[in-house]
1. Rounded to the nearest 0.05, what FRET efficiency is calculated for Arg29 and Asp90 with R0 set to 30 Å and r the Cβ-Cβ distance?
2. Using the Cα centre of the chain as the reference point, and only Cβ charges (+1 on K/R, -1 on D/E), how large is the resulting charge dipole? Debye, rounded to the nearest 20.
3. I want to make sure I understand the PRE zone here: with the label point 7 angstrom from the Cα of Ser212 toward its beta carbon, which residues in the stretch 85-106 have backbone N atoms less than 13 Å away?
4. Give the percent of DSSP beta bridges with both residues in the stretch 3-248 that are antiparallel, rounded to the nearest 5.
5. With just the Cα atoms defining each centre, how far is the stretch 118-174 from the stretch 21-44? Give it in Å.
6. So for the stretch 22-154: antiparallel DSSP bridges make up what percent, rounded to the nearest 5?
7. Given contacts defined as C-alpha pairs under 8 Å and at least six residues apart, what's the relative contact order of the chain, whole-number percent?
8. Rank by packing, highest mean first: peptides 151-159, 214-222, with packing defined as the count of other Cβ atoms within 10 Å averaged across residues.
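FYI, it's all coordinate maths here, none of it is from the lab. Model, not experiment: these values are computed from the prediction. Ideal geometry is used to build each Cβ from the backbone, glycine not excepted, and the neighbour counts take in all protein chains shown.
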Amino acid sequence: MNTEQQQAAGANKPSAAMVLAAGLGKRMRPLTDTTPKPLVPVRGRALIDYVLDKAAESGIGQCVVNVHYLADKLEAHLASRQSPSITISDERGLLLETGGGVKHALPALPDDAFFVLNSDSFWIEGARPLLTRMAEAWDPERMDMLLALANSATSTGYAGNGDFLMDPEGRLSRRPESIVAPFVYMGVCILKPELFDGTPDDAFSLNVLFDSAIEAERLFGIRLDGLWMHVGTPDAIAEAEAVIEDSIS
């Protein structure tokens, strides 16, 4: 990569993130009867703090966090953090799903590409931090979205059939119904804000944008070289804690 290419890559590097934290956490009950899912502890630390720490460590200086269920508790917790800088996107009177939640927060986000992070995205890093690798791989000339993908067969707490197939260039397509796909979406992506042009003003899923990007052949993926853990139920917490203990012992 020559100097001009390096400068262009640096200019395109996303430096902000939308953190999705407004869900009801129904599958995590009874823990979420009185605690919003992003504050459920794993090894004594709230789920959302893990992903916010990874954001800060990768140079993401601004995070917008949406709140809905038990919003006061989540806001109070976030106010205690020093970094990254956090702006609240208030959805107390709304329930906008993933796509609607990001669109609602667009006025607080930059005009160029940014990360979207699920507040319960939980993984052990490989040789280099995932978010750093994604920022370096982001190419707005070729991509509308870049998704972080984990191995569907080896991820902890995941028992589904995978989400995507990937071609040799990293371009993604949906899993055909009749097969098991090798990659599962981790709830981490980079996207362009203009993808929301013409989308509904109420609730909708980010899957709408995935499908649009697939149709344009501009949905790409990057493989996690660490280990992803799907922490979706109370039982999955113990599994994740055991994997973490093994990784540091």
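1. Numbers: r = 24 Å, r/R0 = 0.80.
The formula returns an efficiency of 0.80 here.
2. Details: 21 positive and 35 negative charges, 95 e Å.
Using Cβ point charges on Lys, Arg, Asp and Glu, the chain gives about 460 debye.
3. 99-100, 102-104
4. Values: 19 of 39 bridges.
Around 50 percent antiparallel, to the nearest 5.
5. Using only Cα atoms, the two centres lie 24 Å from each other.
6. Values: 2 of 8 bridges.
Approximately 25 percent, going by the DSSP bridge assignments.
7. Values: 459 pairs, mean separation 60.5, N = 249.
Once normalised by length, the contact order is 24 percent.
8. Working: 151-159: 15.6, 214-222: 18.3.
The densest-packed peptide leads the list: 214-222, 151-159.
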